[in-house]
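Undergrad: Have a look at this one.
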Amino acid sequence: MASFALPADPPFRIDRHRDYRDAFATLVASARKTLWLAEDDFRITDLGSRVVCDALWDFFVGGGQLQLAAWRCEYLATEAPRFMQLRDHFGHRMQWLRVPEDSGLIAYGLSISDGKHYLTRRHADWPHGELGSTSSVALLQQQYAEIWAAAQPESTWNRLYL
């Protein structure tokens, strides 16, 4: 199992699924004020795990704000009950959007913590990426802004209280 620490300059290279999940958990745990997450399918990050959800709980209690954009949203809606419970408690601190398939954007992973640390994944199907804390965060923030601008609200995430 890989062990990651932030800040990371030079960045850590990631080539295995387990390392990508560990790096994602490290990035989430580092967040204090803002957390921007974009993924093709959040299943690869293990976003619904106890470790990640506990870190998110601390993040929200501390006043953090989450922006989440997903190309595919089924995992969060049907297989991540811990994350959905966080949504019930801290929905006022979250913005969730779905990136349409016809947006013209290539699905990949991009996460940014507090505008200082990042985790990228270059392809939707592979865990190859890097975890870092470098000056390239500004460029990644621009890329995230493009994803966010193309994203739309998604009804799959909304619960009906009848």
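Undergrad: Can you tell me the length gained on complete extension of the stretch S103 to V61, counting 0.36 nm per residue apart and subtracting the Cα distance? Can you show the working numbers first?
TA: Numbers: separation 42, 0.36 × 42 = 15.12 nm, distance 3.39 nm.
Contour length minus Cα-Cα distance gives 11.7 nm.
Undergrad: Right, something else. Starting at the first residue of the stretch 6-12, write each ³J(HN,Hα) from the Karplus equation 6.51 cos²θ - 1.76 cosθ + 1.60 with θ = phi - 60°, in whole Hz, x for Gly and Pro.
TA: These are the phi-based 3J(HN,Hα) values: 10, x, 10, 9, x, x, 7 Hz.
Undergrad: Over the chain, what is the mean sequence separation of C-alpha contacts under 8 Å (at least six apart), divided by residue count, expressed as relative contact order in percent?
TA: Numbers: 308 pairs, mean separation 49.3, N = 162.
In percent, rounded to a whole number, it is 30.
Undergrad: Of P11, Q65, T134, which is farthest towards the positive pole of the chain's charge dipole, taken about the Cα centre with +1 and -1 on the beta-carbons of Lys, Arg and Asp, Glu respectively?
TA: Sorting the options by dipole projection puts first Q65.
Undergrad: What list of ³J(HN,Hα) couplings, whole Hz, do you get for the stretch 116-131 from phi and the Karplus terms 6.51, -1.76, 1.60, once you set θ to phi - 60° and write x for glycine and proline?
TA: 10, 10, 9, 9, 10, 9, 7, 9, 4, 9, 10, x, 5, x, 8, 10
Undergrad: How many percent of the accessible area of the chain is carbon or sulfur, using a 1.4 Å probe? The partial results should precede the final answer.
TA: On the way: 4320 of 8260 Å².
It is 52 percent, rounded to a whole number.
Undergrad: Give me the mean projected area, in nm² to one decimal, of the convex hull enclosing the Cα positions of the stretch 51-122. Don't skip to the end; give the middle numbers.
TA: On the way: hull surface 22.1 nm².
Dividing the Cα hull surface by four gives the mean projection, 5.5 nm².
Undergrad: Could you order the peptides 73-81, 124-132 from most to least packed, using the average number of other C-beta atoms within 10 Å per residue?
TA: Numbers: 73-81: 16.6, 124-132: 18.7.
By packing density, highest mean first, the sequence is 124-132, 73-81.
Undergrad: Efficiency by 1/(1 + (r/R0)^6): what FRET value for H17 and S135, r their Cβ-Cβ distance, R0 = 25 Å, to the nearest 0.05?
TA: Details: r = 28 Å, r/R0 = 1.13.
Taking R0 as 25 Å, the efficiency between H17 and S135 is 0.30.
Undergrad: 222 nm [θ] for the chain, helices only, -39500 (n - 2.57) per DSSP H run of 4+, per residue, to 500? Mind showing how you got there, number by number?
TA: Working: 5 runs with 56 residues, N = 162.
The helix contribution divided over the chain gives -10500 deg cm²/dmol.
Undergrad: Oh, and also: Taking the solvent-accessible surface of protein heavy atoms with a 1.4 Å probe, what is the per residue accessible area of the chain in Å²?
TA: Accessible surface, normalised per residue, equals 51 Å².
Undergrad: If you don't mind, there's one more thing I want to ask. Two decimals is fine: what's Rg over Rh for the chain, C-alpha atoms, Kirkwood radius as Rh?
TA: Values: Rg = 14.6 Å, Rh = 15.6 Å.
Answer for the chain: 0.93.
Undergrad: Can I ask one more? Which FRET efficiency value, to the nearest 0.05, do you get for A145 and S3 by plugging their Cβ-Cβ distance into 1/(1 + (r/R0)^6) with R0 = 22 Å? Write out the running numbers ahead of the final one.
TA: Working: r = 32 Å, r/R0 = 1.43.
The computed FRET efficiency comes out at 0.10.
The values are calculated or read from the model by the stated rules, or taken from the named source; none is laboratory data. For clarity, every value in this text was computed on a predicted model and none was experimentally measured. Neighbour counts are summed over all protein chains in view; Cβ atoms, including those assigned to glycine, are modelled from backbone coordinates with ideal geometry. Please note that ligands, DNA and RNA were not included when accessible areas were found on the heavy atoms of the full protein model with its side chains. Shrake-Rupley method; radii C 1.70, N 1.55, O 1.52, S 1.80 Å.
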